[in-house]
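Contents: one structure, followed by commentary.
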Amino acid sequence: MKSTPYATVLVPAALCLGASPCLLAEEGGFFKDASATLQARNYYFSRDFSDIRGSEQSRAEEWAQGFILNFKSGYTPGVVGFGLDAIGTLGIKLDSGKGRVNTGLLPVQEDGEAADNYSRLGLAAKMRVSKTELRVGELQPNLPVLVFSDIRLLPPSYQGASVTSSEVDGLTVQGGRLRSTSLRNESGDDKLQAMLGHVPKRQVSSDAFNYVGADYQFNDKRTTASAWYAQLEDIYDQRFFGLKHSEPVGDWVLGANLGYFDSSEEGKQMLGRIDNQAFFSLLSAKRGGHTFYVGYQAMYGDSAFPRVFANISPLGNEVPTYEFASADERSWQARYDYDFAAMGIPGLTTTVRYITGDNVDTGKGYEGKDRERDLDIAYVMQSGVLEGLGIRVRNVAARSNYRTDIDENRLILSYTWKLL
């Protein structure tokens, strides 16, 4: 992977933003309603593979600095409004080494070393008529069938076209066609690939991901019903039905998130037959600073859960380390969140979570089992010279009898400047 000089991203973007006051009076809403932010993200990531299964690398450990520049214009006046969005990203290696790569923070070069830096500048033209918007170019969709997985140094993006319409009150309809992707630790464009469960299927690729779906909010926006269809051309197609609801009951707020996926092979069937049905449920109860969760998730059919590489999914028991989405897997989750604002310490939050799964069809004559314990602590400075600085610590212990055990630590510092 050849690194890209970061000046090619930040300098043109800075000149564009610097020029905006001169154009403000002439362009009207295009700049009047514009916004721009610059986020600095410092990321340390460490995984120790304590029980190697199918890999010779015993650990992955890297430290990197990232910058994410986002510019979103307003729309030109008139019945049809036009606009332009831009995203510039830059990743810089702070610490890495041969034998410690593949954290997802940095590109890996042919010599096995991480690149010193990588960057990208993406543009998206947009057009709006009434409450319908067309976008063409660099996209970062967040959909049940393609979740926006900003879980490393820099976010991934896709290249294509999308339409979003909210003409009917409470109803949002979306559709699109994505032809390529820029992965979270790469600067170029790649064809689209698939994952089945936790296994990347990088031997085949697709030229397009097509999707269409609708979300309908009702009951004073406390209930949302969703229906979606997605197709990774010549690999798989997928249907999703979801229901979310929250209900105040005295001092409590009760919540439910239910979903069902049905996936099968598509077109040329480049990964062969795919047969997966996935059900998940995540129930919650919130009172004051306390939120309690319990979740159940089940895989049916002969295949693991398919998704676009290297995305996460909205499955209730999926976390960034284990997915609990192998063939025939059943899993339970218990989770507890606490917001210390209830104790007079705003900005401090914690999450502890335990998930256990079994009944995995390993194809090796024995039942697969896995479990994971997560602890997250986050704090956002509320005042002083460091106001707005976010600090997040994550510790994970994940164990399995059919895949690699993982001990993981992450430390993330982030700060966002509002430029416009």
Any idea how far the Cα center of the stretch 246-306 sits from the one of the stretch 129-190, in Å?
-> 22
Length-normalised contact order of the stretch 72-203, Cα under 8 Å, at least 6 apart, in percent, tallies to 19
Beyond 29 Å between alpha-carbons counts as too far, so tell me which of K286/K418; K201/K364; K131/K221; K32/K131 fall in that bin.
-> K286/K418
If you count, for each residue, the other Cβ atoms within 10 Å and average over each peptide, how do 190-201, 167-178 line up from highest to lowest?
-> 190-201, 167-178
Mean shadow of the stretch 64-174, computed from the convex hull of its alpha carbons, in nm²?
-> 8.4
In the neighborhood of N70, defined by Cβ-to-Cβ distances under 15 Å, what is the net charge if each Lys or Arg adds +1 and each Asp or Glu adds -1?
-> +2
Name the lysines eligible as straight-distance cross-link partners of K93: C-alpha to C-alpha under 21 Å, and not fewer than 8 places from it in the same chain.
-> K2
All other residues with a Cβ under 9 Å from the Cβ of A227 taken together, and with Lys, Arg as +1 and Asp, Glu as -1, what is their net charge?
-> 0
Largest-first ellipsoid semi-axes for the chain, taking √(5λ) over the Cα gyration tensor eigenvalues, angstrom | 33, 27, 25
So what's the net charge close to V80: Lys and Arg +1, Asp and Glu -1, counting the other residues with Cβ under 12 Å from its Cβ?
-> +1
Over the stretch 159-280, one equal point on each Cα, no solvent: what is log10 I(q)/I(0) by the Debye formula at q = 0.10, 0.11, 0.22 Å⁻¹?
-> -0.42, -0.50, -1.25
For the chain, averaging the sequence separation of alpha carbon pairs under 8 Å that lie six or more residues apart and dividing by its residue count, the contact order in percent is 13
Would you mind calculating the gained length between N409 and A214 on full extension (0.36 nm times residue separation, minus the Cα-Cα distance), in nm to one decimal?
-> 66.5 nm
Taking the chain as a Gaussian network, Cα atoms linked when under 10 Å apart, which of S326, S130, S46 shows the biggest mean-square fluctuation?
-> S130
In whole Å, largest first, the alpha carbons of the stretch 204-248 cover along the principal axes 48, 13, 11
Tell me, rounded to the nearest percent, the portion of alpha carbon pairs in the stretch 247-343 spaced more than 20 Å apart.
-> 47
Top mean-square fluctuation among V396, V80, V294, Gaussian network model of the chain, C-alpha springs under 10 Å?
-> V80
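Coordinate-derived values only; no laboratory data. Keep in mind that what you see is a predicted model, and the values were worked out from it rather than measured. All Cβ positions, even for glycine, are placed from backbone atoms using ideal geometry, and neighbour counts span all protein chains on display.
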